[in-house]
Each structure stands twice: as structure tokens, then as C-alpha cells.
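The values are calculated or read from the model by the stated rules, or taken from the named source; none is laboratory data. This structure is a prediction, so every number in the text was calculated from the model and none was measured. Neighbour counts are summed over all protein chains in view; Cβ atoms, including those assigned to glycine, are modelled from backbone coordinates with ideal geometry.
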């Protein structure tokens, strides 16, 4: 198996509290043109009551030394943040890699990889100190040290911290800016997604050179009383985190960031957890619409179209409010797509007849305009919007858009023109539909009706090029034949009861094959475009054949 150009490797096992080394392997293909690579380290700690703590760091890898086979190692700190007390139920270590390079042909290439290692804790995790210290390694011995109060912050309190520099004169540092950011994190189906972030406070400090402990520069970040929690849904578990973003404005360097994440106020998290477990949140969000909660989803029927709405999680991206719509096949052989980042308008990706697809796409345009992503094919459609604001603000407009899409799907079916290859015979197909007391599906050139009180249909089979290749005549019986058989050769005919043999041979004359099912006869012939008047005669022969097969009871 060919090795991937960029890979990450985790050790086979780690002990709780030990440092974890992530190896990044760069092969010959990516080494020469590597211009960007980032490793994200996550350590998710889960306590016995389901409480969670998250430590996260993004590390930009050096690209100028990306020689073939180079390994770059980064370490997860030994002293994890004390985001809860008591016995640690488990720890999830997760590393993800994103790299970009230019290959030998000058094309931009991208690689992503995620690996995870779970560590089960058998003993309590006891932090050895109540502070949290992080080091920004700039270059060589130059670094910035930041120490934070590791205790859980609460609303209205001030988080204390201090900082200092080593290996560089403080006068060479223009500014250190420290921001306190609150993020809402949605946890569902084992995944995690940051939905929204808001800066709560920012301080600027002047660091001093480290000599003695009392020379550190102190700072404080206030946590507001109105800590922002907005998402409410019984299907999602929501947590909030405080993150410290530290910007270094070095006179000779650019900017660097390192997030340090600790749990938000325990009381607020408990209130949110209690609220998220209360049933009926979807019901409240969808009040006044046709949607009802069922099995953790919102569902609604719009005639033959059934819609289901849920929330889908994505790695490193906002969650999606997503809908799936299912309906009887359009039989147009098409696929339409819209993606606000790639295809901003609904476009025809595949179509048996492009003119038909363009008409259908135009009919769906008003509904697609208010959605971030839409895909439509013959039997199902998907629609989604990114959750970049509270669900309570998104749900009703989204449900209205889904309802509009459902209505336009059925409306589009009625206005699609006939295929260009059969437009000249549309009048004959309309006459056939009237004679069968049925309905013509113009887009697929198919009629569903009846013959002498039994369900009957005539449909066109299409080839890859969009040309008709067959006509299928189907008659559903009101009794059982007790057997099934494919009939296309003289040997197949000889196996039929004597009274049915001649009728079956007559039905097959000039046609492909006959399918005899338990309670159905299906005759497949070359495409009928001009000779539609034969259909009535063929159906009569098929009904007589069915009576003979019934009288014969069993095949010889």
C-alpha cells in the first residue's frame, strides 16, 4: 500500500498523566513543496458524572526543514488542567493533521488525517498544583511563560495570572495581549463542534525578564455575570469553555497563538445540562409549523414528500441543521447541487436530458436561495444550513425553507417538459393515458392507470446517452399465479402450460422478454414511440395469458 505524503503517529499506549508524543512524517512527495502544516492536539477528560474538560493546542510545524522522512514531535503537557475533582473515568487523546504542499507538477495538494487514542484511568487524577502554566517557545532559548489560576472560574470572578519572558529583553516585546473567549461546544455522537465564540475580556501586559518569582507581571481577566449560553436542544449535549488567546507582538517576529481551555462555571453547566435533558425542546422550536418531534428528529409529510430534520456534527467546522426529503422517483436521471462555497447557485451536475433538468432547477431556485447546501436527485433531496447562530433563531426559517422545497419538488414534477427525443409523440402518450384512465408522467414518459379494473402501467426505459431503449408494459393481477418465470426463448415457452404457450409466443413476437411473477406480468419491448395504439392489444393478450396460466395451475 502506498504511504500517504503526510502522516501522524501516536504511541501504542500511554499512561495517565504521561507526556504524549505525536510524530509527523513527511515523505518525498510533500517535502519539497510543503508550505503549511498544523497539528491540533486535543485531550478530552471525562469524569464519572459525565463532566468534561478539554485541553487543546494548535502547533504550526516548521516547513522550511521538511526534508524527506523528517519527523516533528510535539508533546501533550503532563499537568492537565484540573477541570473537575475526583476519579477520572477516561481520557481521549486525539491528534489531527492538516498539511498543504505543491507537488512536482506544480499542483496544490492538501492532506488531512485524524487519529485517536483512548486511555482508561484506574486511579484518581490529583493535580500537583492549583495553577496552570504554559510556555510559548519562540526560538532557541527565547520563550514566554504564562501561569494561570487553575481553579474553576465562576461568573463574576476574576481569573488571576502572571507572565514573564526568558532569553530576550522585555524592551524588545511591544505588547502581550491576553483575551478571554467563551466558546459553545456541542457534543453529539462522539464528535465535538465549536458552534460560536465571543470575546469576554482582553488585557494587555508588559512582561518582565524572569529572575525571581516576585518579578513576574500579574494580570487579571474578569468573567462576566452574563456568561453566554444560547443553544437548547435535547439531542445535543452542550458545554461551554473559556479560552485564553495570547498574541505576541514581537518586534522581529509575527504573531503566535496558543489556546488554553478550562471548564466554565460548574453551576451554569449544570443548569444547561438539566435544561437540555427536558423533553420537548424540538417541539417548542418547531411550534406553529407542520413538523413534529419523533425519535429525536423533526418530521413532516408534504403530500408524497416526507421530510426529516436533525443536527449533524462536523469535525473542525460548525454543525449543520440538515434535512432529508424522500419522494416517489422523478425518473429524470438527474442530480442538482448547491454549495455556498463551491456552487453558490443550484447547478445541474448530471442529467439524462439537460433541458428537463434546467427547468426543474429553475423551479427549485426560490427555495435553494435561502439554504447553504442543497442536493437533489431522483428519489431524495438534502438541504442544510450552518449553525452559526442559536438554534432557536435558525429552526423556524429553516423549516419554512424545507417546506417550500418540498412543495416545489412536487410542482417541478408537473412542469418538466417531455424529453427532447420524444417531444414529437407527446400527443399519443396523452391519448394512451386517457384510454387507461391514468396519469402521464411527462418527464419520464410513463403512464400509470388500469386495464379492465386491474392496475397497469407503461413506462420508458432510458439508456446512458438519454435515448429511449425499451418500453415496459406491466399488468398487476387480482389473483396469484403461484409461480415466477423469465420467458424469452423457445425452451422457456415449452415449459408453459399448453393453453398459455401460444399466447406467450404471440406476446413475445418482436419483443425482448416476458416476466411472469406471482401476481404480475411484465413485457419488455423495444421503445414504442409511434405504435402506442398497440398497447391496448398487448394488454388484452397479457390478460388472456394470465387467465390461461391460472387455469393451468402449475407449469410442466
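Things worth noting here:
- Residue within the stretch 391-400 that is at pLDDT 90 or above and buried (at least 17 other Cβ atoms within 10 Å of the Cβ) present: yes
- Answer from 362, 333 - the residue that is part of a helix (DSSP H, G or I) and at pLDDT below 90: 362
- Of all the residues in the stretch 484-500, those that are touching a strand residue (DSSP E or B) at 6+ places or on another chain (Cβ under 8 Å) and surrounded by 16 or more Cβ atoms within 10 Å (Cβ to Cβ) number 4.
- Scope the stretch 300-314; condition surrounded by fewer than 17 Cβ atoms within 10 Å (Cβ to Cβ), in a strand (DSSP E or B) and modelled with pLDDT of 90 or more; matching residues: 301, 306
- Every condition in (1) surrounded by 21 or more Cβ atoms within 10 Å (Cβ to Cβ); (2) closer than 30 Å to residue 527 by Cα holds for residue 405 except the one numbered (2).
- Taking the criterion of being in a strand (DSSP E or B) and surrounded by fewer than 21 Cβ atoms within 10 Å (Cβ to Cβ), the residues of the stretch 370-383 that qualify are 373, 375, 380, 382.
- Enumeration of residues in the stretch 423-452 that are on the phi > 0 side of the Ramachandran plot and in contact with a strand residue (DSSP E or B) (Cβ under 9 Å, 6 or more places away or on another chain): 437, 445
- Test for residue 503: is it in the same structural domain as residue 447 (by TED's automatic domain parsing), surrounded by 14 or more Cβ atoms within 10 Å (Cβ to Cβ) and in contact with a strand residue (DSSP E or B) (Cβ under 7 Å, 6 or more places away or on another chain): no
- With respect to the conditions (1) touching a helix residue (DSSP H, G or I) at 6+ places or on another chain (Cβ under 9 Å); (2) touching a residue at least 40 places away in the same chain (Cβ under 8 Å); (3) in a strand (DSSP E or B), residue 367 lacks only one, and its number is (3).
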